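Quick notes on the structure that follows.
The values are calculated or read from the model by the stated rules, or taken from the named source; none is laboratory data. Predicted model, so just to flag it, every value in this text is computed and none were measured. Cβ: placed from backbone, ideal geometry, glycine included. Neighbour counts: every protein chain shown.
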């Protein structure tokens, strides 16, 4: 029986095309992730270098054409379906609150590689089980363009805040590809500098029990050492005041901005029972109010999605 099973496995493998993943050497012969080094990080300036030691190239044949599918270890790609799939480096960066952020990207080392037909970003189609499968698709006009893509060395994806800590999400483009000529320009070393106009906070702001999350989310954030356990057994500490528990019903989306709490619970309508003395959700909320000293707010998810402005926004976006 084992012999038959072994033969069956060999037969299956023999009928499956194996994709060879090759490491293209830029500065290191062994595969490695990009090296990101912080040079300076304060409320006036954040600067860092990005070093690309190499990338993977996997050959895929479609309709008699050999494409190269490119990837950078531990990072993703960008582009639209059918266009060349270009690897990018995406990072979240802690920044101060300020009037404006200015960006400067200097490429201090680069290589130009020839003869590339970069694989296009495939379509994703669900199968009968709901799993998404990649389907080859190419946009011919995108491959006739005699221009490098992406044209810019970076793209600002997002601005946001984790508690009082402001951040940006930057998509860095170390590769630029010209589909008409087959040229691939690769930045082996980049220096990126952010300067801040009229900053009003430090570059790193204490996020309390979320310091650990901030440290892992933003590569230039320094953990102050405060952990979630700082709020454990708050009732035993001097000056303890039990937190409040509020069941909140919104009539307008603008009211959400006025919710002040340390611990937010969004629940199914089944458990939104503010008048039930035996509510398990109320028991949990009161435990957090006493054990941690948190102010707790409880919201009904059905109430949220039925708000007129919420419905309007979602109808507009499909």
Check your understanding: Is there a residue in the range 163-174 that is under 27 Å from residue 107 (Cα atoms), under 25 Å from the mean Cα position of the chain (by Cα), assigned by TED's automatic domain parsing to the domain that holds residue 74 and part of a loop (DSSP other than H, G, I, E, B)?
Key -> yes
**Study point:** Wholly enclosed strands (runs of 3 or more DSSP E) of the range 177-277 bearing at least 3 residues closer than 30 Å to residue 105 by Cβ, in contact with a strand residue (DSSP E or B) (Cβ under 7 Å, 6 or more places away or on another chain) and at pLDDT 95 or above
**Key:** 183-197
Revision key, fill the gap. For the range 76-95, pairs from a residue that is closer than 12 Å to residue 149 by Cα to a residue that is at pLDDT below 95 and in a loop (DSSP other than H, G, I, E, B), with Cβ under 6 Å and 6 or more apart or across chains, are 85/79; 86/79
Review point. In the range 36-63, what residues are over 21 Å from the mean Cα position of the chain (by Cα) and not in a strand (DSSP E or B)?
Key: 42, 43, 44, 53, 63
Review point. Got at least one residue in the range 135-146 being assigned to a strand (DSSP E or B), without any contact (Cβ under 8 Å) to a residue 24 or more places away in the chain, surrounded by fewer than 18 Cβ atoms within 10 Å (Cβ to Cβ) and in contact with a strand residue (DSSP E or B) (Cβ under 7 Å, 6 or more places away or on another chain)?
Key: yes
